[in-house]
Amino acid sequence: MAKYVVKRICYMLLTLFTVASITFFLMRSIPGDPLASMAKTLPEQTKENFYAKYGLDQPLYKQYFKYMEGLVHLDLGESILYAGRSVTSEIARTSPVSGMVGGTALIIGTFIGVCLGMVAALKKNRWPDYVVMFIAILGATIPVFVLASLMQYVFAVQLGWLPASGWGKPVHMVLPVIVLGFGSVATYARYIKSSMLDTLGQDYVLTARAKGLSERAVILKHVLRNSLLPAVTIFSSSIVGVFTGAFVTEKMFSIPGIGLYYVSSINNNDYTMVMGTTVFYAALFIIMQLVVDFVYMILDPRIRIASDR
Amino acid sequence: MQNIPIEKFQITGLNENSMEAASRPQVGYLRDAWMRLRKNKVATASLILLFVIVLMVMIGPKLSGYAFEQIDKTARNAAPCAKHWFGTDKLGRDIFARVWISGRVSLTIGVLGALICAVIGCIYGGIAAYFGGAVDTVMMRIVEILISVPYLIVVIVFSLVLQSKGILTLILAMTITGWCTMARFVRAQMLAIKNEEYILAAQALGVRPWKVILRHMIPNTLSTVIVSITFDIPGYIFSEAFLSYIGLGIQPPNTSWGVMASSAQSVFTFYPYQLFFPAVMIALTMLCFTLLGDGLRDALDPKLRK
């Protein structure tokens with residue numbers, strides 16, 4: 001077990017190193033100069049100072065080693081667009097906002113999705129099943145920005161119940177959470193339904209019923225617990241899905257999160273910010289995959305046995 | 001017990017020539033799948049609707065009588081009417097013509113993206129599964145590294161790197177790591193059939209590895225790959241819409257459903273119809289492909305065969 005954990009952590013670090021390297025060379029291969037648009041009106045000496053400050057006057061391999069050294073010390077460089085602001089501090093400032101909205105959306109969305117999936121499986125081919133599957137299909141087919149626009153139009157413009165955008169009060173979170181959570185509801189409802197239908201046909205469920213356990217105990221102790229296993233595997237991608245979905249929702253609802261910042265840094269060619277945020281997203285994704293793997297190992301004894309061999 | 005005449009026990013209506021004849025015509029795998037797909041009303045409706053969308057994408061722009069880039073200064077932001085069936089945008093361009101022209105771009109990106117990923121994924125996954133051992137380990141480690149970066153992030157970074165914002169650039173950006181999921185999926189499928197008798201027979205006959213992969217292994221995973229493609233197409237359409245929304249999509253004068261939805265979003269509260277039509281097209285197309293994928297999965301699953 002310990003050997004497996006160490007091996008996985010080593011793989012994680014190798015993957016992160018590869019991702020960071022690829023990102024660095026990709027960003028450096030972008031035609032043009034990240035400072036060109038800003039520096040064209042500046043005197044030659046000021047330009048040189050600019051390039052020296054960001055290390056762009058050095059050979060590529062030196063820039064690379066400097067970048068990697070900074071990465072080890074969790075220093076992702078300084079924003080080109082906003083002089084004096086470090087990328088690390090910007091991520092530290094904006095990611096809790098995204099985490100708050102995204103985390104709330106994910107928790108609520110997952111809970112509702114699991115409940116709806118259970119209902120759909122237990123009432124298969126009856127109206128609750130059709131309603132749940134309709135919701136699931138809607139969630140899978142309506143683009144985030146369309147849903148966000150619709151929510152703003154109905155609840156903010158027409159009814160005036162909720163603010164259309166902004167940040168600071170709990171009420172500002174309602175619409176973004178609904179928009180981001182809808183995808184999770186749809187995904188988990190479909191997964192849990194198909195997983196539960198598989199589990200309901202297993203021999204151990206039949207045995208549990210034969211032993212005289214109440215239907216509630218059978219569903220909660222045996223069926224649901226085993227049906228949740230496949231859902232755990234998609235949790236890591238759900239987390240990243242919430243963060244990437246935030247690119248749109250944060251822009252539309254004017255939420256000062258990492259998604260909004262990432263999109264604006266793309267549009268403004270702030271390459272250090274793009275690089276830093278990309279590495280942050282990759283790290284988040286890889287760490288979540290690792291956590292999910294370990295959770296899966298704890299939940300499923302068969303995987304524990306396989307990893308020990 | 002009464003005596004029953006022996007003639008009553010004679011077998012009647014027996015023709016020795018037709019004794020061995022099959023009771024019903026032989027049905028092949030694909031024909032059987034097609035019959036089962038046709039029985040699935042939802043999948044059939046999706047297929048018909050997709051056919052209508054594709055047909056409209058081809059002939060729709062001609063029906064309106066307007067070119068998609070034609071500007072009518074007298075009818076800016078006009079609501080749907082007899083003259084402009086879906087209304088006009090802020091420049092006075094006919095939305096009906098633009099929706100169907102946009103569909104060409106969105107569907108091309110969706111279908112081509114999914115097909116390219118399927119081809120690369122099948123070959124890569126096939127090689128990894130066939131050779132196994134160190135080859136498989138190295139190849140799948142590469143895939144794991146590529147999959148570790150969130151897909152949309154890769155697309156965004158590549159869109160920045162490639163700079164030109166045409167259809168091919170978008171497809172390239174989307175498929176650069178999009179094939180990885182298909183490769184893993186195909187590898188898992190092929191590992192299951194790798195030790196089947198017909199594969200061993202081909203190897204015993206001295207058939208070359210690449211021929212075994214292309215002739216025997218890939219065709220036997222094709223049904224699941226087709227299903228996977230139908231589920232992937234909506235993903236690519238959605239990715240294109242997403243990229244267009246954050247300003248990295250198709251650039252004017254070209255247009256797509258994503259571009260239309262993005263530009264309409266800013267005026268949505270005043271002119272909701274400008275967002276409604278491209279959004280409905282995105283949702284309908286994604287819905288059709290998703291439901292068709294469900295139907296195909298049921299139809300092509302050999303376990304369901306009678």
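The values are calculated or read from the model by the stated rules, or taken from the named source; none is laboratory data. As the structure is a prediction and not an experimental result, all values here were calculated from the model. Ideal geometry is used to build each Cβ from the backbone, glycine not excepted, and the neighbour counts take in all protein chains shown. For accessibility, only protein heavy atoms count, side chains too; no ligands or nucleic acids. Shrake-Rupley method; radii C 1.70, N 1.55, O 1.52, S 1.80 Å.
Only one of B:Ser263, B:Ser244, B:Ser239, B:Ser223 is away from chain A (no Cβ under 11 Å), farther than 30 Å from B:Tyr130 by Cα and not in a loop (DSSP other than H, G, I, E, B). Can you tell me which?
Values: B:Ser244 fails: away from chain A (no Cβ under 11 Å); B:Ser239 fails: away from chain A (no Cβ under 11 Å); B:Ser223 fails: farther than 30 Å from B:Tyr130 by Cα.
Within the list B:Ser263, B:Ser244, B:Ser239, B:Ser223, the selection yields B:Ser263.
Residues satisfying the criterion are absent from the range B:161-173 (criterion: within 23 Å of B:Met140 (Cβ to Cβ) and assigned to a helix (DSSP H, G or I)). State all residues of the range B:131-175 that are modelled with pLDDT of 80 or more, open to solvent by 30 Å² or more (accessible area, probe 1.4 Å) and either closer than 23 Å to B:Val111 by Cα or hydroxyl-bearing (Ser, Thr, Tyr) (or both); if no residue qualifies, say none. The answer is B:Thr137, and nothing else. Restricting the range A:141-151 to residues that are without any contact (Cβ under 8 Å) to a residue 60 or more places away in the chain, closer than 14 Å to A:Gly245 by Cα and among the aliphatic types (A, V, I, L, M), the residue that is most open to solvent (accessible area, probe 1.4 Å) is A:Ile142. Within the range B:94-115, the presence of at least one residue that is at pLDDT 80 or above, closer than 30 Å to B:Ile199 by Cβ and in a helix (DSSP H, G or I) is confirmed. The residues in the range B:266-282 that are assigned to a helix (DSSP H, G or I), free of Cβ contacts under 8 Å to residues at least 60 places away in the same chain and crowded, with 22+ Cβ neighbours inside 10 Å can be counted, and the count is 2.
Checking the structure you have, find out if any residue of the range B:232-246 is over 22 Å from A:Ser149 (Cα atoms), under 16 Å from the mean Cα position of the chain (by Cα) and among the aromatic types (Phe, Trp, Tyr). No, there is no match, as no residue in the range B:232-246 is over 22 Å from A:Ser149 (Cα atoms), under 16 Å from the mean Cα position of the chain (by Cα) and among the aromatic types (Phe, Trp, Tyr). Scanning the range A:57-100 for residues that are at pLDDT below 75 and exposed (fewer than 13 other Cβ atoms within 10 Å of the Cβ) yields a single hit, A:Ala83. For first residues located in the range A:281-309 and open to solvent by less than 60 Å² (accessible area, probe 1.4 Å), partners that are aromatic (Phe, Trp, Tyr) and at pLDDT 70 or above and lie 6+ apart or on another chain with Cβ distances below 6 Å form the pairs A:Val292/A:Phe235; A:Ser307/A:Tyr4. In the range A:152-200, of all residues being open to solvent by less than 60 Å² (accessible area, probe 1.4 Å) and not in a helix (DSSP H, G or I), the one that is farthest from A:Gly259 (Cα to Cα) corresponds to A:Gly160.
Every test in (1) open to solvent by 30 Å² or more (accessible area, probe 1.4 Å); (2) more than 19 Å from B:Tyr273 (Cα to Cα); (3) not in a loop (DSSP other than H, G, I, E, B) is passed by B:Thr74 save one, and that test is (2). Just so you know, in the range A:12-56 the residues that are exposed (fewer than 14 other Cβ atoms within 10 Å of the Cβ) and charged (D, E, K, R) include one that is modelled with the lowest pLDDT, and it is A:Lys40. Of everything in the range A:111-131, what is at pLDDT below 85 and either among the basic types (Lys, Arg) or surrounded by 20 or more Cβ atoms within 10 Å (Cβ to Cβ) (or both)? Give them in sequence order. Within the range A:111-131, A:Met118, A:Lys123, A:Lys124, A:Arg126 qualify.
Just to be sure before I move on: is A:Ser184 within 14 Å of chain B (Cβ to nearest Cβ) and either among the hydroxyl-bearing types (Ser, Thr, Tyr) or on the phi > 0 side of the Ramachandran plot (or both) in the structure I sent? So that I can check it myself, show each step before the final result.
Values: within 14 Å of chain B (Cβ to nearest Cβ): no; either among the hydroxyl-bearing types (Ser, Thr, Tyr) or on the phi > 0 side of the Ramachandran plot (or both): yes.
So A:Ser184 does not fit the description; no.
Counting only residues that are more than 9 Å from chain A (Cβ to nearest Cβ) and surrounded by 19 or more Cβ atoms within 10 Å (Cβ to Cβ), which one in the range B:247-256 is modelled with the highest pLDDT? Outline the logic, then answer.
From the range B:247-256, those more than 9 Å from chain A (Cβ to nearest Cβ) are B:249-256; that's our starting set.
From what is left, the residues that are surrounded by 19 or more Cβ atoms within 10 Å (Cβ to Cβ) are B:249-250, B:255-256.
Values: B:Gly249: 77, B:Ile250: 74, B:Thr255: 82, B:Ser256: 85.
Among those that are more than 9 Å from chain A (Cβ to nearest Cβ) and surrounded by 19 or more Cβ atoms within 10 Å (Cβ to Cβ), it is B:Ser256.
Can you find a residue in the range B:283-296 that is open to solvent by 40 Å² or more (accessible area, probe 1.4 Å) and within 19 Å of B:Leu49 (Cα to Cα)? Spell out how you get there, then give the answer.
So in the range B:283-296, the residues open to solvent by 40 Å² or more (accessible area, probe 1.4 Å) come out as B:284, B:287.
Cutting the leftovers down to within 19 Å of B:Leu49 (Cα to Cα) gives us B:284, B:287.
Looking through the range B:283-296, at least one residue is open to solvent by 40 Å² or more (accessible area, probe 1.4 Å) and within 19 Å of B:Leu49 (Cα to Cα).
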